[in-house]
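Worksheet for the structure shown next.
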Amino acid sequence: MLLSNFHVQIFFMKRTIRLILILYFSLPIFTSNAQPSFIKDSLENYIQQGLKDWQIPGLAIVIVKDGKPVVMKGYGVKDIVSNEPVNEQTLFMIASNTKLFTGTALAQLEYNKVISLDDKITKYIEGYKLYDEATTNLVTIRDMLSHRIGTKTFQGDFTFFDGNFSRREIMFGMRFLKPSGRFRQDYGYCNSCYLTAGQIIPIVSGKPWEVYVYDSIVTPLGMVNTHVLSAGIGQMQNVAKPYTTTFTGKLNEVPYDTWDNLAPAASIISNVNDLSHWLYMQLDSGNYNGSRVLPWKVLQKTRDVNIMTNSRKSTIYPTHFRGYGLGLNVADYNGRQIYWHTGGASGMVSNVCFVPEENLGIAILTNNDNQNFFELLRYQILDAYLGVDYVNRSWQQLPAFQKNEKESLQKIADLKARVKDNTPPLALKQYEGEYLNELYGKIVISVKDDKQLFINFKSHNNLTATVDYLDNNEWLLQYNNILYGIFPIKFKVEQDKVIGVDIKANDFIEFDPYTFLKKQE
């Protein structure tokens, strides 16, 4: 049967309309041109208010969705003196967001059949020991990357953090970390574990960790402004300065961390522009700009949960389970699977997050370490994209934060008010001397200006503290780096002889105090 020109036109018109409808209803809920209303209309003001509420000098953010950047921008300033603005190229320390680079590198080496993640550490590092023999004989690369050797979170970091121990000395110092938990059952976040795992890389590849990561990950991703080591950060171009409000309530500039002795755990410096490349690769199954950077199986390996870290429903967020892979937290969030990690360096905190099911990635970098806004902003963005009813996450948690800060500052003020030139139980000279801790090493206490004690921490560069007598055998310790803190301490005295002292640092560094025993003459 022959059709007229009119019928042919009608036929093709109907088919075209049908194809348009099929394509329309196949589109995702949100495309790069149809973002949630919070992202389109409220994000800018939300961030500006957050910087003000949480005393954050500067913030950089990137959101990528469906293969395109939705937001890539800097807010506030990188330096409160010069007021130079943050932009998408401003460098920040990403700290523990380095860990996924290390986990990825080791997963890549396994894929290439150079190692197995279940190889024992002692296979590669002769003489390596942990606190007990059984764990030493069993511990694997995977155990190290999963924080499951039984130690407490941050255990040993007061010694290793910004210290002058070499990478090898840190690894071999781990034998003094007495675990409080059970091997392969209890999670304890461990920076020295990541260092140890990372040190397998030069042994099997012939390249230092920093060279291997740069050559195999950073360069192929075109992360041209990313620095794998932290040395010389203060001289880099367009770098944010680090600040804290800890212990004073006011913004104080703090020294840049020197993380290179713990490099596989924390040393990378980057910006949101470069991190967008990292996110695109994560969301495109290992591809970037149409080229294969990493096999999909390598990424899968980093995302497999090796230890559960929480299995209770959150009272605040729509999440029920959380685990840890190889440098990644893994959780559910309103029915989707999300992956993320945070990073904390002196004066800087950050997070990187991606949701493959939504083709969504987020990176947030900030330069005040004493705030939760960097995480609350991430949750606010996840809420917007994943269909969670709106609640202002920042204002939801700000009052409790401010209350805790006020109470902490009052405690410090009360302590300082007790410094009244009271006479200590023993003459100041009797407190002088060398004090030793098995893990840390040596501190030296001397008398300063005939009225207070002075501590020199020998395993750190330029870390000191003054100690003023209060009353009732208590003293007030104040570090020269405010980030380390202000704490009351007590000397251990027996038969009018000083035998030791317990020293505490900020929980940001390590939770438990160290006992130093006085070297007796």
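Check cross-link reach from residue 519 to the aspartates and glutamates: straight Cα distance under 19 Å, and skip same-chain residues fewer than eight apart. Result set, ordered by chain and number: 432, 434, 438, 494, 496, 502. On the beta carbon distance between residue 317 and residue 211, with R0 = 35 Å, the FRET formula returns roughly 0.35. Rounded if a/c is under 1.5, else prolate if a/b is larger than b/c, else oblate: which is the stretch 428-518, with a ≥ b ≥ c the root eigenvalues of its Cα gyration tensor? In terms of gyration-tensor shape, rounded.
Counting only residues at least eight positions apart within a chain, or on another chain, the aspartates and glutamates with an alpha carbon under 12 Å from that of residue 301 are 110. Only Lys, Arg, Asp and Glu carry charge here, each on its Cβ (+1 for the first two, -1 for the last two); on that basis the stretch 168-310 has a dipole of about 460 debye about its Cα centre. Full extension of the chain between residue 429 and residue 310 yields a length gain of 37.8 nm, computed as 0.36 nm times the residue separation minus the alpha carbon distance.
With the simple model of a label 7 Å out from the Cα in the direction of the Cβ, residue 289 to residue 204 spans 2.9 nm.
Using C-alpha pairs under 8 Å with a sequence gap of at least 6, the mean separation divided by the residue count of the chain gives a relative contact order of 16 percent.
Applied to the stretch 215-225, the Karplus parametrisation 6.51 cos²θ - 1.76 cosθ + 1.60 on θ = phi - 60° returns per-residue 3J(HN,Hα) values of 6, 9, 10, 5, 5, x, 8, x, 7, 6, 9 Hz, with x for Gly and Pro.
Would you work out if the stretch 358-402 is rounded, prolate or oblate? Take a ≥ b ≥ c from the square roots of the eigenvalues of the alpha-carbon gyration tensor; rounded if a/c is under 1.5, else prolate when a/b is larger than b/c, oblate otherwise. Judged from the Cα gyration tensor, the stretch 358-402 comes out oblate (a/c at least 1.5, b/c at or above a/b). R0 = 45 Å: FRET efficiency of residue 111 with residue 44, Cβ-based, nearest 0.05? With a Förster radius of 45 Å, E is 0.60. Bridging of residue 73 to lysines at a Cα separation below 28 Å is possible for 40, 52, 65, 99, 241, 250, once same-chain residues fewer than 8 apart are set aside.
Sorted from longest to shortest, the spans of the Cα atoms of the chain along the three principal axes equal 116, 52, 45 Å. With Cα atoms defining each centre, the stretch 213-266 and the stretch 401-421 are spaced 31 Å apart in the structure.
With 0.36 nm allotted per residue and the present C-alpha distance subtracted, the residue 388-residue 495 stretch has 32.1 nm of extension available. How big is the dipole moment of the chain about its Cα centre under a simple scheme where the beta carbon of each Lys and Arg is +1, that of each Asp and Glu is -1, and everything else is neutral? Debye, nearest 20, please. Dipole about the Cα centre, nearest 20: 1200 debye.
Think of each Lys and Arg Cβ as +1 and each Asp and Glu Cβ as -1; about the Cα centre, that makes the dipole of the stretch 428-518 roughly 240 debye. Sparse packing (at most 13 other Cβ atoms within 10 Å of the Cβ) combined with a DSSP loop state is found for the following trypsin sites (Lys or Arg not before Pro) in the stretch 61-131: 113.
Ordering of 217-230, 350-363, 266-279 by packing is 266-279, 350-363, 217-230, highest average first (other Cβ atoms within 10 Å, averaged per residue). When each of the peptides 456-467, 135-146, 38-49 is scored by how many other beta carbons lie within 10 Å of its residues on average, the order from highest to lowest is 135-146, 456-467, 38-49. Across the stretch 143-261, the relative contact order, built from alpha-carbon pairs under 8 Å that are at least six residues apart, equals 26 percent. Sorting the segments 255-264, 320-329 by their residues' average number of neighbouring beta-carbon atoms within 10 angstrom, most packed first, yields 255-264, 320-329. R0 = 60 Å: FRET efficiency of residue 448 with residue 334, Cβ-based, nearest 0.05? Using R0 = 60 Å, I get an efficiency of 0.60. Of interest is the spacing of the C-alpha centroids, which for the stretch 305-373 and the stretch 107-183 amounts to 24 Å. Where a ≥ b ≥ c are the square roots of the eigenvalues of the C-alpha gyration tensor, would you call the stretch 349-435 rounded, which needs a/c under 1.5, or, failing that, prolate if a/b is larger than b/c, or oblate? In terms of gyration-tensor shape, prolate.
FYI, it's all coordinate maths here, none of it is from the lab. All figures in this text were calculated on a predicted structure; none of them were measured in a lab. FYI the Cβ positions are ideal-geometry reconstructions off the backbone, even for glycines, and counts take in every protein chain you see.
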